[in-house]
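Peer 1: Have a look at this one before I ask anything.
The values are calculated or read from the model by the stated rules, or taken from the named source; none is laboratory data. Only a predicted model underlies this, so the values are computations on that prediction, with no experimental measurement involved. Positions of Cβ are backbone-derived with ideal geometry, glycine not excepted, and every protein chain shown enters the neighbour counts.
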Amino acid sequence: MGFTLKRNSSTVLQKSSNKDLLETLIQERVPYKSLPQEFYTNEEIFKQDLERIWKRNWLFAGFNFQIPKPGDYFTWEVANESLLIVRGEDQQLRALYNVCRHRGARLCQQAAGSAKRFVCPYHGWTYGPDGKLLKANYMAEDFKPAEHSLHPIHLRTVGGLIYISFDKNPIDFEEGAKVIGQEIIPHGFEDAKAAHILDYDIHANWKLVYENNRECYHCNVAHPEYIRANYDTSFSYRGFSREVDPNTPNKEEVVSHIQERNERWAKLGLKASPASDFPGAGWYRASRTPLRKGWVSESLDGKSVSSKLMGVFTEPDVGSCRVHTLPNFWIHASGDHAVATRLHPVSPQLTKAKVFWLVHKDAQEGRDYKLDKLLPFWQKTSEQDWDLCKWNQQGVNSSAYSPGPLSPLKEPGLEKFIIWYLKNVQKK
């Protein structure tokens with residue numbers, strides 16, 4: 001008894017230069033199998049990910065409520081760049097490279113704050129919140145400040161979500177914004193606040209993290225809290241699951257409950273999508289699905305965790321609104337709160353995640369919500385996922401790893417993600 005070791009990165013590199021490695025692996029990839037090892041471990045492929053995926057697509061950066069007043073800002077380091085997201089005196093949001101136009105020093109050192117002016121700590125060049133250069137001492141007489149504004153980056157918003165793109169000619173945003181907006185605008189993220197934020201180091205390639213998010217095959221095994229609240233595992237993605245699961249209600253109950261909820265939400269002007277529609281496609285995905293019968297919020301007991309409802313809602317039972325945007329964002333929103341995750345890759349085997357717990361801006365801790373009720377559902381589920389991703393990476397690193405078969409019933413969303421990734425990373 002034994003097994004055959006797959007070829008490793010060094011073998012591929014002997015046969016192919018770094019320039020050809022990515023193309024070779026793309027051509028050799030077998031549909032409905034996980035990616036070859038090099039996609040999760042190779043430094044050159046990671047660099048291509050940054051240039052062709054992260055610097056060409058729309059990236060979720062944060063929320064409007066993080067910078068409510070002129071001069072408010074936050075910084076974000078992503079794809080080997082530092083960004084300054086700021087609200088100007090004209091109330092407009094801007095994304096700027098956090099790089100002084102003099103000799104390239106990092107302009108703003110703080111993670112967030114408020115400033116009428118941004119002064120370079122090196123030589124004192126001074127910029128306004130709109131990025132315009134206001135002061136540069138001792139320069140030549142023909143020096144033109146207007147030619148030395150901070151370099152801008154494309155920025156768009158939808159329903160309180162801020163997206164940026166490094167690309168000079170970014171892909172269309174409007175189509176995705178229309179789909180996303182019709183789902184999230186009722187939740188009122190413009191009038192929300194972060195009740196809590198946690199930062200995580202996930203010891204896995206960013207693709208493994210997003211692959212984990214794109215399937216619920218693992219949910220029955222790994223997420224006891226999640227499956228008590230959601231119908232995701234009741235379905236295969238081609239129909240109702242035949243699996244015997246004590247947590248799964250009968251088909252008629254689920255179908256009847258979904259139909260009743262959809263009809264009820266339609267009267268409220270909410271678009272609804274069935275749980276079986278979870279995989280989605282493209283760089284964006286937005287849907288609304290019922291929670292299990294008797295549950296009104298993604299919480300440990302199914303009860304509301306904030307007495308102050310969000311957005312336009314007058315009742316808590318509005319299901320679970322889910323938005324996913326590739327490559328770095330997802331959010332689950334109940335009527336009383338929402339939990340959002342933002343990713344960014346640091347190295348081939350390290351990804352950072354920032355998780356936001358959102359409530360209505362007027363909700364008061366201790367009165368309207370308590371953190372020990374608000375946090376556990378998604379804190380437990382997220383940390384379970386981060387462990388799974390770490391263990392996945394550890395196994396992928398082994399010489400025994402070879403691409404494994406994906407489930408056509410439970411992992412079509414993962415296959416769609418891989419197809420999207422390969423299509424985008426192949427573009428030169």
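Peer 1: Do we find that Gly395 is part of a loop (DSSP other than H, G, I, E, B) and not charged (D, E, K, R) in this structure?
Peer 2: The answer is no for Gly395.
Peer 1: Within segment 66-84, is there a residue that is within 18 Å of the chain's Cα centre (by Cα) and part of a helix (DSSP H, G or I)?
Peer 2: Looking for residues that are within 18 Å of the chain's Cα centre (by Cα) and part of a helix (DSSP H, G or I), one finds at least one in segment 66-84, hence yes.
Peer 1: Can you tell me which residues in segment 322-381 are over 18 Å from Asp201 (Cβ atoms), surrounded by fewer than 23 Cβ atoms within 10 Å (Cβ to Cβ) and of a type in the set (Gly, Ala, Ser)?
Peer 2: Of everything in segment 322-381, those that are over 18 Å from Asp201 (Cβ atoms), surrounded by fewer than 23 Cβ atoms within 10 Å (Cβ to Cβ) and of a type in the set (Gly, Ala, Ser) turn out to be Ala363, Gly366.
Peer 1: So, one more: Residue by residue through segment 412-428, note down the ones that are in contact with a helix residue (DSSP H, G or I) (Cβ under 9 Å, 6 or more places away or on another chain) and either surrounded by 15 or more Cβ atoms within 10 Å (Cβ to Cβ) or modelled with pLDDT of 95 or more (or both).
Peer 2: Gly413, Leu414, Phe417, Ile418, Tyr421, Leu422, Asn424, Val425
Peer 1: I would also like to ask the following. Having 3 or more residues that are of a type outside the set (Ser, Thr, Tyr) and at pLDDT below 95 is the bar; report the helices (runs of 4 or more DSSP H) wholly within segment 149-222 that clear it.
Peer 2: Here the list reads 174-184, 219-222.
Peer 1: If we scan segment 329-349, do we find a residue that is closer than 28 Å to Trp265 by Cβ, in contact with an Asp or Glu (Cβ under 6 Å, 6 or more places away or on another chain) and part of a loop (DSSP other than H, G, I, E, B)?
Peer 2: Scanning segment 329-349, I find at least one residue that is closer than 28 Å to Trp265 by Cβ, in contact with an Asp or Glu (Cβ under 6 Å, 6 or more places away or on another chain) and part of a loop (DSSP other than H, G, I, E, B), so the answer is yes.
Peer 1: Given the options Ser382, Ser398, Ser402, name the one that is small (Gly, Ala, Ser) and under 24 Å from the mean Cα position of the chain (by Cα).
Peer 2: So the residue among Ser382, Ser398, Ser402 that is small (Gly, Ala, Ser) and under 24 Å from the mean Cα position of the chain (by Cα) is Ser382.
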